[in-house]
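Report on the following structure.
The values are calculated or read from the model by the stated rules, or taken from the named source; none is laboratory data. On a predicted model such as this, the values are computed, not experimentally measured, just so you know. We place every Cβ from the backbone using ideal geometry, glycine too, and count neighbours over all the protein chains shown.
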Amino acid sequence: MLTVPVETQILFAGIIFFLGLIGLLVRRNMIFMLMSIEIMFNSAGLVFIIAGTHWKQPDGQVMFIFILAVTAVEVSIALALILQVYHHFKTLDADAINNLKDTN
Amino acid sequence: MNVFFYIAAVVAIISTIMAISGRNAIHSLLYLILSLLAISVIFYLLSAPFIAALEVIIYAGAIMVLFIFVTMMLNIGLERETEKKWLKPCMWIVPSLLAAVLLVNLILALKNVKSIQPDEEAILPKQVGISLFSTYLLGVEIAAILLMAGVIGAYHLGSQKKKVKHRFLEIN
């Protein structure tokens, strides 16, 4: 049985979450921004698993399965959007697509 | 038992840092896969073996492969001249070391296999399935609707049939 205190486990999940948040704020490449969102989803799921193990309930794992479904949908839609953006603008820079109307 | 948790946590944190700070998208994605594998080790240690398998199969297996396909389709950072640079030790030594740490973790876990077996208090997939299809049945149906919307949306956004654009939509 794992005897690491639950505070340490939550701290680990928090570190992973903040690494994802830093990546989302710092990087401008949309592939990297999407990867950072994935990291944050994953750490949120990790907190659910930690809590479900702590109280010995299956609800945490059920919530992780829901997060998995949401992540799959989000990734497929976001990657299709990234492909469209790349075909229109020939770049993946998130700052280059801040116009609703084409200016060039 | 606790040392496995700390080793996997350190591997996950280092590979996540490398993933968000990399220059090459493919290298970052491989670091991210390594991070997901380390987190699946942690799921196993947290007596959730079913979720650990799902993490490997769906996250590292399906979603990250989707990322890699799209990154390869967009042809990001794939200059032929840099191919020789990839074979330098500074490119592959860090991910190899991190993966080797996970391998050593696995070997040590297999050595004292009695202590790492899921205990009787582990939440088994049977409980998860019963809870999923009784208490959370409405959530399953909502997730099914969401997946259907995702399929239709991805098909609609990914289609490139329209060769003729309206003149207001054309670049140039």
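Of the residues making up the stretch B:43-55, those that are facing chain A (nearest Cβ under 7 Å) and part of a helix (DSSP H, G or I) are B:43, B:45, B:50, B:51, B:54.
Output the residues belonging to the stretch B:35-58 that are under 20 Å from residue B:13 (Cβ atoms) and not hydrophobic (A, V, I, L, M, F, W, C). Passing the criteria: B:35, B:40, B:44, B:55. Here residue B:33 clears all of (1) more than 10 Å from chain A (Cβ to nearest Cβ); (2) over 21 Å from residue A:14 (Cα atoms) except the condition numbered (2). Scanning the stretch B:19-42 for residues that are in a helix (DSSP H, G or I) and in contact (Cβ under 8 Å) with a residue 40 or more places away in the chain yields a total of 10.
Criterion applied to B:16, B:82 was being in a helix (DSSP H, G or I) and modelled with pLDDT of 90 or more, and the one residue passing it is B:16.
Here residue A:31 does not fit the description of being more than 17 Å from residue B:42 (Cα to Cα) and under 10 Å from the mean Cα position of the chain (by Cα). Note on the stretch B:1-57: among residues that are among the polar types (S, T, N, Q) and buried (at least 21 other Cβ atoms within 10 Å of the Cβ), the one that is nearest to residue B:93 (Cα to Cα) is B:15. Looking at the structure I just gave you, is residue B:124 modelled with pLDDT under 90, of a type outside the set (Ser, Thr, Tyr) and either closer than 19 Å to residue A:77 by Cβ or surrounded by 13 or more Cβ atoms within 10 Å (Cβ to Cβ) (or both)? Criteria met by residue B:124. Residues satisfying the criterion are present in the stretch A:56-75 (criterion: of a type in the set (Phe, Trp, Tyr) and in contact with a Gly (Cβ under 9 Å, 6 or more places away or on another chain)).
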